[in-house]
Amino acid sequence: KTPVAILLSGRGSNATALIRACEDPAFPARICVVISNNPDAPGLEMARKAGLSVKAIDHRPYKKDRAAHEQALDACLKEAGAEAVCLAGYMRLLTPYLTQAWAGKMLNIHPSLLPSFPGLHTHERAIDAGVRLHGCTVHLVTEGMDEGPILGQAAVPVLSGDTPDQLGARVLEQEHKLYPTVLRHFLDKTPASCQAQAALLVG
Ligand code: GAR
């Protein structure tokens with residue numbers, strides 16, 4: 001099994017999905033460390049309870065020195081023997097220091113069908129834009145925010161009257177399936193199968 005690290009900042013539901021997937025002996029990854037920039041992240045507590053090695057590397061003491069914070073992250077990733085990194089709700093922008101150090105080995109999940117709606121508040125923006133399909137994307141991390149090569153996507157319908165929370169819950173359910181699937185294909189070096197669902201005729 002390939003040692004994979006998870007970086008998170010909050011709830012950790014995608015981290016939970018990855019951790020569960022790794023419990024399958026046939027899954028090609030094991031989680032070697034879970035790191036958070038937020039010492040109070042519920043996801044960190046969840047990982048600790050799952051018996052995993054966890055580490056809080058608070059960004060606040062580093063003030064505006066992002067590179068120094070990332071050097072600490074990088075040292076922790078190396079110490080844990082990570083060979084790949086999954087960002088799972090890691091809500092800090094990375095500098096080229098870390099993206100270059102982990103180029104081709106760092107994955108992110110984003111709650112939209114990229115390249116639509118990079119950044120924040122994706123569900124609200126999808127509703128406002130009137131799109132009929134929305135979803136989530138797993139991509140390789142590069143310097144540009146939410147810009148790297150797409151590894152897999154899952155689509156859901158936007159239903160009339162959807163609130164951002166309702167739409168977000170529908171997307172999140174797919175995130176939890178997509179991320180382990182894409183990670184498996186990524187590590188097995190097979191192309192991820194198309195995750196798009198039969199939602200094309202909605203609306
Ligand atoms: C997820 O919806 C993830 O796609 C999103 O944050 C949420 C984290 O939830 N990530 C981003 O917006 C990154 N740009 P989780 O902590 O329950 O996995």
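The values are calculated or read from the model by the stated rules, or taken from the named source; none is laboratory data. All of these numbers come straight from a predicted model, not from anything done at the bench. Note that each Cβ is placed from the backbone with ideal geometry, even for glycine, and that neighbours are counted across all protein chains shown.
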Study note, to complete from the structure: Looking across region 18-49 at residues that are under 18 Å from the mean Cα position of the chain (by Cα), part of a loop (DSSP other than H, G, I, E, B) and not hydrophobic (A, V, I, L, M, F, W, C), the single one that is nearest to the ligand (Cβ to nearest atom) is 38
Point to revise | Looking only at region 144-171, and only at residues there that are on the phi < 0 side of the Ramachandran plot and of a type in the set (Asp, Glu), the one that is nearest to the chain's Cα centre (by Cα) | key: 147
Exercise for review: Note down all Cβ pairs under 6 Å where the first residue falls in region 166-178 and is modelled with pLDDT of 95 or more, the second is within 7 Å of the ligand (Cβ to nearest atom) and assigned to a helix (DSSP H, G or I), and they're at least six residues apart or on different chains.
Suggested key: 175/14
Review point. From the list 84, 26, which residue is in contact with a Ser or Thr (Cβ under 7 Å, 6 or more places away or on another chain) and either under 26 Å from residue 120 (Cα atoms) or modelled with pLDDT of 95 or more (or both)?
Key: 84
Exercise for review: From the list 114, 77, 107, 52, pick out the single residue that is closer than 25 Å to residue 29 by Cβ, in contact with a strand residue (DSSP E or B) (Cβ under 8 Å, 6 or more places away or on another chain) and part of a helix (DSSP H, G or I).
Suggested key: 77
Study note, to complete from the structure: Over region 117-168, the set of residues within 11 Å of the ligand (Cβ to nearest atom), assigned to a loop (DSSP other than H, G, I, E, B) and among the small types (Gly, Ala, Ser) is 119
Practice item. Any residue in region 108-125 that's closer than 19 Å to residue 159 by Cα: show its pairings with residues that are part of a strand (DSSP E or B) and within 8 Å of the ligand (Cβ to nearest atom) at Cβ separation under 8 Å, as long as the two are six or more apart or on different chains. Key: 111/136; 112/136; 113/136; 122/110
